[in-house]
Every structure is written in structure tokens, then in C-alpha cells.
Amino acid sequence: VVTLAAAAAAAPLPTSVTVDPTAPKPNILILLVDDMGYSDTSLFGSPNASTPHIDRLASRGVKLTQWISGASICTPSRASLQTGRYPIRTGCTGTVEKFRVIPTPSNPGGLDPTQHLGIATALKQAGYATGMSGKWHLGVSGNEALKGGPDSRFAPNANGYDSYLGSPYTNTPMCAMDGDGVSDTLKSSPGFCYMTANTTVVQQPLRLENFTGTITDHAVWFLRHQASKPQRQPWFFFMSYFHVHTPLFTNRTNRGRSRGGQFGDNVEEMDDSVGRIVATVDELGFTNDTLIFFTSDNGPYQEEGWEFSGRTNLYNAAGEHVGRMKGGKGQLFEGGVRMPGAAVWPGVIQPGTVSDTMVSTVDIFPTALALAGVKVNSSYAVDGRDMTPVLRGTTGSQHDVFLHYCGFTIVAARVSGRFKVFWATPKWYTNDPKNGSVCLQCCNGVNPFSRLTGAIATQLCGCEDKDQDWHDPPLVFDMATDVQEDKPLTGANWPADAGISLADVVSKALLAKETMEMDVHPKPDITGAGTCTAGLPAVWRQQCCPGCHAVGFPFPECKTLLGRNCTCDKVPQFGHEEEVSLLV
């Protein structure tokens with residue numbers, strides 16, 4: 001029997017909330033892929049991966065062709081999903097490469113539930129059961145001294161998730177598998193790559209080969225557990241995949257199955273998981289009472305090379321390739337922030353529909369809260385908008401102006417859902433010279449910080465002033481006709497059907513930018529980090545298997561009392577209730 005840590009004690013809410021008992025309170029399921037490009041599923045045109053389950057899911061609802069991420073890279077994008085706020089409000093961002101995300105699992109920062117209301121915490125106020133599987137990457141512990149080990153103050157449980165199984169960090173070069181499918185190729189691997197059940201480490205190092213199957217098992221178990229309750233309550237589940245982030249991995253039974261090499265195999269294994277989860281929703285009779293979102297956190301990690309990253313291709317109605325969106329992960333061109341998207345809610349969302357209206361990952365939070373009847377204090381800022389009218393097909397974009405940050409700087413804005421204004425665009429090839437065999441419109445090179453781990457991580461485009469080309473007047477593109485962002489607009493070629501002038505678009509964007517900068521004006525610390533991403537790893541924050549402890553700097557290693565490498569493999573067996581009782 002595995003003894004699992006109970007969920008962390010609930011922190012005081014950062015804002016007052018009220019709950020409308022007459023709200024519909026649908027179940028809510030989020031399926032979030034990691035680093036997936038716009039065209040990586042057959043739903044959005046991929047010829048290299050078959051995704052029948054995602055295709056079928058979207059056919060039951062609306063395909064969203066202008067789903068815009070809250071940020072172009074992992075940690076800030078995920079913070080925006082959890083809170084409905086621009087990442088700058090949470091401090092989960094940075095200007096320099098290594099602090100644009102939380103750099104290690106034993107760093108001192110994270111998404112602070114005492115300062116920011118998370119979606120799971122908010123839904124619990126309306127009586128929801130909450131669960132999560134997979135990648136977190138929003139911090140774990142914040143304790144600054146040797147006081148009883150990691151405090152898990154930023155972990156999923158602290159942010160409102162009753163039941164969590166997954167990796168509290170992320171997939172990373174240190175997680176590359178050995179021949180047995182285990183993330184144990186480097187001295188630093190076990191400290192980065194492990195699994196927790198709630199806050200207890202149950203697998204270290206991570207058996208990466210089986211990770212997707214394991215977290216899917218947990219999702220299915222969570223759904224069955226909800227169905228078994230004598231009196232059903234609404235539930236919220238966040239399924240957060242490692243796929244398709246590098247290093248690529250699949251169970252050995254799925255290797256070589258696709259037309260798209262290792263990357264295609266990753267996409268198809270993820271699609272299988274989506275199929276299992278949605279089939280369970282249907283089997284248990286939840287279908288008509290469940291709102292499902294499918295999307296990705298940010299664009300493809302181009303710098304990893306063509307063989308290992310997704311695509312941002314564009315296809316016409318006949319399935320013909322007509323171009324590609326610019327950029328990818330880390331950039332604010334459409335390739336970095338326009339995600340594949342779909343939403344399903346039978347009886348509410350018309351099946352088989354397509355919407356070209358702009359929505360955002362930031363909108364999930366206010367949409368979920370509105371449907372659950374949760375209202376936050378008017379003084380508590382939420383940047384997202386309830387997208388329910390868009391899903392019903394009754395309105396245009398809810399965003400008059402949507403701001404795009406690179407680190408701490410607003411560099412672009414979407415106006416009226418259609419026009420995109422750039423005050424700055426990224427410089428490409430700032431690290432290594434252009435090499436089309438690796439990537440295009442990118443910043444290929446090696447992240448020097450990564451060498452300390454023994455692994456090699458590639459470099460993304462940066463957010464410092466020197467990394468940008470600045471534009472005065474700003475560039476303006478029409479997302480209705482120029483998704484590739486190739487044709488800057490002027491007064492001479494301004495679209496006749498715009499309904500607004502070029503000057504007014506720029507003025508509206510500038511006013512929103514200046515207002516936000518006056519309202520929210522934190523600056524990066526001396527290292528270029530935000531409050532959530534700053535600091536150094538430490539042994540007292542490193543999670544280890546029960547009975548073990550961490551030693552070493554800069555990257556802690558887990559050891560037994562006798563100094564041997566610490567390992568454990570006690571993942572709950574979901575057919576044995578005594579092993580999962582504390583995941584409830």
C-alpha cells in the first residue's frame with residue numbers, strides 16, 4: 001500500500017467570491033497539449049499524423065481557428081490559463097531565456113494561491129470536485145530554509161486540485177529515456193524528472209515511456225470515482241500532457257506507427273489518450289453535462305529541429321498547403337500564439353461548426369467561473385472574457401484589445417479580434433547563424449545555462465530590448481486576410497470592410513497598452529526574472545522519494561541515508577482503492 005500525502009491545506013482566497021446556486025454548473029474538462037503547432041492534428045490539416053479521436057471530438061462541437069494563447073512559452077501560458085490573467089500580473093514570466101519559465105523544480109517561486117485565484121480553487125467554491133494529471137510547471141515549494149523539507153505551497157494541491165498525479169515540473173532534455181524507457185541518462189535526471197501523487201514522490205526517476213498511459217489512467221479513475229458517488233457533484237479536470245514537448249517519447253508499442261516519424265508517433269499517442277478520456281465521459285453518462293476544451297499551451301519548439309517539432313502550416317478547404325504562419329514557441333507571431341482549438345458541449349454548442357472569432361486561453365477561467373456561477377470581487381482584475389457567447393455563435397470577439405507580452409514588455413496587440421499591431425518583432429538567428437536544416441524564422445543555438453545539467457537545450461528568441469526590432473509607427477496586419485503576417489497595412493491598402501480606420505486601430509491599441517502599463521508595472525529583477533521564476537534551486541526544496549533527502553548544488557540529487565542514489569516506483573494501481581484513497 002502506498003502512503004500518499006494529503007492535499008495541502010487551503011490558503012485564504014486572494015479575493016472574495018459569491019456563488020449563484022442557479023448557475024448551470026457543467027462538468028469542465030480541459031485537454032492541454034504541450035508545444036503543439038497549429039497544424040499538428042489532422043483536424044487542422046496534418047498529413048503526417050492521424051488524430052481520429054480529436055477530429056471526432058471537434059465534430060461534436062466547434063473548431064476554433066483563432067484560439068490565441070495567453071503567452072508564447074510554457075510557464076506564463078499556463079499561469080494565464082489557471083488565473084485568467086496576463087502573466088505579468090502573476091510574475092510568472094521573465095525577460096532572459098532561462099527565467100522566461102521556472103527553471104528547475106527546486107526553485108523558490110511559483111503561482112502563489114494567496115495572491116492569485118486559480119480556476120480549481122474558484123470552482124471548488126461552487127461545489128466542484130477537482131483533479132489534474134500531468135505537467136504543472138508553475139512551481140512547487142517556496143521555503144527559504146531547512147524547515148522540514150519542501151512546503152509544496154505552489155503545487156497543484158495548493159492551487160485547488162484535490163487529486164493530482166503527474167510531474168510538477170516539465171519535460172526537459174534531462175528527461176531523455178534510457179533503453180528501459182526511464183529518464184535516467186544523466187546525473188541530474190532524477191531531480192528534474194519524477195512523478196508525484198498529490199505531494200508525495202511516487203516515481204523517481206520518471207518512467208517516461210509509460211507517462212502518458214499513467215496520467216490517462218488517473219484521469220479515467222477520477223471520472224469513475226465521480227460517477228460512483230451516491231450524489232453526483234460537478235467536476236473539473238485538467239489533463240495536461242507532456243506530449244509533444246521534447247524529448248519526444250512514446251510507449252514502445254507506439255513507435256513507428258505514424259507517417260510523421262517520432263513526432264507523429266507522439267501526436268497519435270496523445271490522440272489515443274484523448275480518445276480514452278472522452279470515451280469514459282460518454283460511458284459514464286457525463287456527455288451532455290460536460291464542456292470540453294482542447295488546445296495547446298504555445299506554438300512549436302522549432303529550434304529543436306524539423307524532425308522533433310510541430311508545424312504551423314496553413315491549408316485551404318481542399319486540403320492544399322498554402323503557406324505557414326511565422327515564428328514558433330517564444331515568439332508573438334501567429335506561429336507562437338495561434339493554437340489549434342475546439343470546444344464541445346452538447347445542446348449548447350452547435351456540432352460541426354467552425355468559428356473564426358478570436359478567443360484565448362485566458363478566457364477559459366472567466367468562462368468556467370461564469371458557468372459555475374462564481375463571481376469575483378470587482379476590484380480583482382481578470383483579463384480574460386467569458387467566451388460562452390462565442391461558443392454559442394452569437395457574437396464576435398469579446399476582446400476589444402488583447403495584449404501580447406514578451407517577458408515584461410507589451411510588444412503587440414490584437415484589436416477588435418482582427419487587426420494585429422506590432423511595436424516590436426523578434427530578431428531571428430541571434431544565437432547561431434541561420435541554418436535552414438534546423439529551423440527557419442527562429443533563434444537556433446544552445447542555451448548555455450543548460451550545459452550545467454549535463455544536457456543540451458536549445459535557445460529561443462529573447463525578450464530583452466536588444467532581441468527586438470522596434471517599429472515606429474507600429475506594424476499593422478489584418479488577421480482576416482494575412483495570417484502569415486507578410487503584408488503590413490497602410491492607409492493606401494487599408495481594407496474597405498474594416499469598419500475602423502488605421503489610425504483608430506493604432507490609437508486603441510496604444511491606449512490599452514499605456515493603461516495596462518500604468519496599472520501593472522512590475523519590473524524584472526537584476527537577473528531578468530519575475531517573482532514567480534526568480535531564484536536558485538536548493539536542496540531543501542527538492543522533492544525526493546519518501547525516506548530520502550537531497551544533496552548538492554546547483555542541481556540537487558536525491559540520496560538514501562547511506563548515500564546511495566534514491567529511487568522509488570510506487571505509482572498507484574488504480575484497480576486497488578487502498579492505493580488511491582488519498583488521491584480523492
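The values are calculated or read from the model by the stated rules, or taken from the named source; none is laboratory data. Computed from a prediction, not measured in an experiment: that's the story for all the values here. Cβ atoms come from the backbone with ideal geometry, glycine included; neighbour counts cover every protein chain shown. For accessibility, only protein heavy atoms count, side chains too; no ligands or nucleic acids. Shrake-Rupley method; radii C 1.70, N 1.55, O 1.52, S 1.80 Å.
Annotations
- Apportionment of accessible area to carbon and sulfur, region 371-418, percent (1.4 Å): 42 percent
- Gain in span if fully extended, Leu452 to Leu146, counting 0.36 nm per residue against the direct Cα distance: 107.7 nm
- Partnerless Cys - the chain, beta-carbon criterion under 4.7 Å: Cys74
- Gain in span if fully extended, His471 to Asn493, counting 0.36 nm per residue against the direct Cα distance: 6.0 nm
- Sorted from greatest to least, the principal axis extents spanned by the alpha carbons of region 423-551 come out as 69, 43, 28 Å.
- All alpha carbon pair distances within region 202-347 were sorted into 5 Å bins beginning at 0; the resulting P(r) in whole percents reads 2, 8, 15, 17, 18, 15, 13, 7, 3, 1, 0.
- Here the Karplus curve 6.51 cos²θ - 1.76 cosθ + 1.60, taken at θ = phi - 60°, turns the phi angles of region 415-422 into couplings of 10, 6, x, 10, 9, 10, 9, 10 Hz, with x standing for Gly and Pro.
- Remark: region 187-272 carries 30 Å² of accessible area per residue (probe radius 1.4 Å; ligands, DNA and RNA excluded).
- Between Leu284 and Tyr429, the modelled label-to-label distance comes to 5.2 nm, taking each label 7 Å out from Cα in the direction of the beta carbon.
- When the GluC sites (Glu not before Pro) in region 236-327 are filtered for DSSP coil states and for at most 11 other beta-carbon atoms within 10 Å of their beta-carbon, the remaining sites are Glu320.
- For Lys523, the lysines whose Cα falls under 16 Å of its own Cα, not counting residues fewer than eight places away in the same chain, are Lys513.
- With viscosity 0.692 mPa s and temperature 37 °C, the Kirkwood radius over alpha carbon pairs of region 1-135 converts through Stokes-Einstein to a diffusion coefficient of 183 µm²/s.
- Within region 281-396, all pairs of alpha-carbon atoms sorted by distance into 5 Å bins from zero give the percentages 2, 9, 15, 18, 17, 16, 12, 8, 3, 1.
- Carbon and sulfur %, accessible surface of region 119-259 computed with the full protein complex present, 1.4 Å: 47 percent
- Set of lysines near Lys559 by C-alpha distance (under 19 Å), chain-local residues within fewer than 8 positions excluded: Lys147, Lys187, Lys570
- The Kirkwood radius of region 69-126, taken over pairs of alpha-carbon atoms, gives through the Stokes-Einstein law at 25 °C and 0.890 mPa s a diffusion coefficient of 207 µm² s⁻¹.
- Per-q log10 I(q)/I(0), region 274-328, q = 0.18, 0.22, 0.28, 0.30 Å⁻¹ (Debye; single scatterer per alpha-carbon; no solvent): -0.80, -0.86, -1.07, -1.16
- Extension gain from Asn251 to Ser59, taking 0.36 nm per residue of separation minus the Cα-Cα distance: 66.3 nm
- Dipole in debye (nearest 20) - the chain, about Cα centre, beta carbon charges: Lys, Arg +1; Asp, Glu -1: 580 debye
- Rounded to the nearest 20 debye, the dipole magnitude of region 210-306 is 320 debye, with +1 charges on Lys and Arg beta carbons, -1 on Asp and Glu beta carbons, and the Cα centre as origin.
- Model label sites at Lys187 and Glu307, defined 7 Å from Cα along the beta-carbon direction, differ in position by 2.9 nm.
- Across all directions, the shadow cast by the convex hull of region 369-434 built on its C-alpha atoms averages 7.4 square nanometres.
- Ranked by the mean number of other Cβ atoms within 10 Å of their residues, highest first, the peptides 425-436, 387-398, 196-207, 39-50 fall in the order 196-207, 39-50, 387-398, 425-436.
- Order by protection proxy (mean Cβ within 10 Å, highest first), peptides 69-76, 104-111, 453-460, 519-526: 69-76, 104-111, 453-460, 519-526
- Bridgeable aspartates and glutamates around Lys25 (alpha carbons under 16 Å apart, same-chain partners fewer than 8 residues away excluded): Asp289, Asp386.
- Mean shadow area of region 98-210 over all directions, Cα convex hull, nm²: 7.9 nm²
- The chain - Rg and Dmax from Cα coordinates, angstrom: 22.4, 76
- In this structure region 454-533 gives 56 Å² per residue of accessible area when probed at 1.4 Å with all protein chains present.
- Rounded if a/c under 1.5, otherwise prolate or oblate - region 16-78, Cα gyration tensor axes: oblate
- Residues in region 27-39 carry Karplus couplings, in order, of 5, 10, 10, 10, 10, 10, 8, 10, 6, 7, x, 4, 10 Hz; the curve used is 6.51 cos²θ - 1.76 cosθ + 1.60 with θ = phi - 60°, and Gly or Pro positions show x.
- With a threshold of 18 Å on the Cα-Cα distance, the over-threshold entries among Lys326/Lys420; Lys326/Lys508; Lys427/Lys466 are Lys326/Lys508.
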